[in-house]
Amino acid sequence: MTDQSMAVDDRLAKSNVLRLAIGQALAGANSVVIMTTGAIVGSILAPSPIYATVPVSVYVVGTALSTMPAGAIARRYGRNRAFFFGTLAGMVVAVLASLAIWLGSFALFCCGTFVAGFYQAVAQSLRFAATDTASAAFRPKALSWVMAGGVFSGVLGPQLVNVTMDLWSPYLFMASFAAQGVVALICMFVLAGAKLPKPQTGGAPVDQGRPVFEIARQPKFIAAAFSGIVSYALMNLLMTSAPLAMKMCGLSLSDANWGIQWHVIAMFLPSFWTGSLIQKFGAPRIVFAGFALIAAATFVNLSGQTTAHFWIGLVLLGLGWNFGFVGASSLVVETHRPEERTRVQSFNDFLVFGTNAIASFFSGTLLVRSGWDAVNYVVAPALVVAVLVLVFGGRQAGKAAAA
């Protein structure tokens, strides 16, 4: 391929990246709206306060169960078709959630957040779509530029809630979900213009590699997967509880929205540099740094219950998630061969989001029954176990490499 043709390819890639980054910002706002309002709406509609975080948990379950179907649609019909169905699901969420709030139906609201999981599963594929038309040299930048959309989601989502939450009083957040549906419609039109490769048809069978459970028994995979599970589950545990905890502490809904906004920005903004830090210091050290930041977040949370304590804790939590989860994902990539990556990565994501669902269900019950401090006390033992597993996995992997 000539330099001129490479330039043409990257011009197409940059055009796609712009659309995908905007799509990431718009689609990511759906997740932020649910994370910001889900527990509060749940506390209003649920038959018991202990079920307040169930809608968020159902959302995480929906994401986990939708990852593989969304990938199957993309493989068979192309990414653009998957984008269409994902954004369509975002509009269905708006109808279901708004109607649920109007009718006071907890079950219908949970149905809405479950459908939102499919939208989120499709949104997760946007960063990978950015590499489809990019040259090898441009792929890292393509990925990072699309991930930048997550930063704007952290601004768009909470502000969308702030502006609309009381618009259709007394139905709190009803207008917020309706507005999110409009955002999903805009996202559909933005992503429709992405010029991505058509799906492959026919061709010779591809060697599928080793069985996934054989790969999963590797000490390095166990350490990587467990690190990702703990990073994501602890983040989800604290973030899901935080808005409701702030409400229980007498703080305003606006304060909760701002806290989630800065949390989401902290989750995604470091991604521009995390890869370089991993190259310089190694993935395990970055994961350890992430664990330390999550521990620091709980220390702040336990130090007081003012707005500042919640905000600082949420920012530290977002930074810790970024280092822990991105570092763990980097370790996962080292555990499989190229022909095994789809199944291994999907299995890893299933473990991560499945555990997230448990954390979300657990957080609501723990918060209501035992308080915000109890939610934070759970973090320490989980981090200790994660550190031990990571150290053990590293030592076993080193022994295997030396053998």
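Since every read-out is calculated from the coordinates, none of them should be taken as a lab result. Since the structure is predicted, the reported quantities are computational estimates derived from the model, not experimental observations. Don't worry about glycine lacking a Cβ; one is built from the backbone with ideal geometry, like all the others, and counts go over all protein chains shown.
The charge dipole of the chain, taken about its Cα centre with unit charges on the Cβ atoms of Lys, Arg (+1), Asp and Glu (-1) only, comes to about 760 debye. With the simple model of a label 7 Å out from the Cα in the direction of the Cβ, L302 to Y377 spans 0.9 nm. Residues T240, T365, T306 in ascending order of nearby Cβ atoms (within 10 Å, fewest first): T306, T365, T240. When the charge dipole of region 1-195 is built from unit charges on Cβ atoms (+1 for Lys and Arg, -1 for Asp and Glu) and taken about the Cα centre, the candidate among L26, A194, L172 whose Cα reaches farthest toward its positive end is A194.
For region 246-254, putting each phi into the Karplus relation 6.51 cos²θ - 1.76 cosθ + 1.60 with θ = phi - 60° gives couplings of 5, 5, 5, 8, x, 7, 7, 5, 5 Hz, in residue order, rounded to whole numbers and with x for Gly and Pro.
If you plug the beta carbon distance of L12 and L108 into 1/(1 + (r/R0)^6) with R0 = 35 Å, you get a FRET efficiency near 0.25.
Each principal axis of the Cα cloud of the chain was evaluated for its coordinate range; sorted largest first, these ranges are 61, 49, 33 Å.
Shape index of region 208-403: Rg/Rh, with Rg the Cα radius of gyration and Rh the Kirkwood radius from the inverse mean 1/r over Cα pairs, equals 1.01. With viscosity set to 1.567 mPa s and temperature to 4 °C, compute the Stokes-Einstein D of region 170-292, Rh being the Kirkwood radius across alpha carbon pairs; µm²/s, no decimals. In µm²/s, the coefficient is 66.
Compute a Gaussian network model of the chain, connecting alpha carbons closer than 10 Å, and tell me which residue from Y232, Y171, Y51 fluctuates the most. Comparing Y232, Y171, Y51 in the GNM, the peak value goes to Y171. Each of T87, T298 has some number of other Cβ atoms within 10 Å of its Cβ, and from fewest to most they run T298, T87. The value for region 2-85 of Rg(Cα) / (2.2 N^0.38 Å) is 1.59.
Name the most mobile residue of V375, V190, V56, meaning the one with the largest mean-square fluctuation, in a Gaussian network model of the chain with Cα contacts below 10 Å. For the chain, modelled as a Gaussian network with Cα springs under 10 Å, the answer is V190. Evaluated over the chain, the count of Lys pairs having alpha-carbon atoms less than 30 Å apart is 11 (only pairs 8 or more residues apart or interchain).
Taking the three principal axes of the alpha carbon atoms in region 247-362, the coordinate ranges are 53, 33, 21 Å, sorted in descending order.
Here the extension length gained between F213 and S346 equals 46.6 nm, from 0.36 nm per residue of separation less the Cα-Cα distance.
Note on the chain: helix-only mean residue ellipticity at 222 nm, from DSSP H runs of 4+ residues weighted -39500 (n - 2.57) and normalised by residue number, equals -28000 deg cm²/dmol. Here the calculated FRET efficiency for A295 and T365, from their Cβ-Cβ distance with R0 = 25 Å, stands at 0.60, rounded to the nearest 0.05. Sorting H263, H309 by the number of Cβ atoms found within 10 Å of their own Cβ, with the fewest placed first, yields H309, H263.
What the pair-distance distribution of region 1-195 shows, using all Cα-Cα distances binned every 10 Å from zero, is 10, 36, 31, 15, 6, 2, 0 percent.
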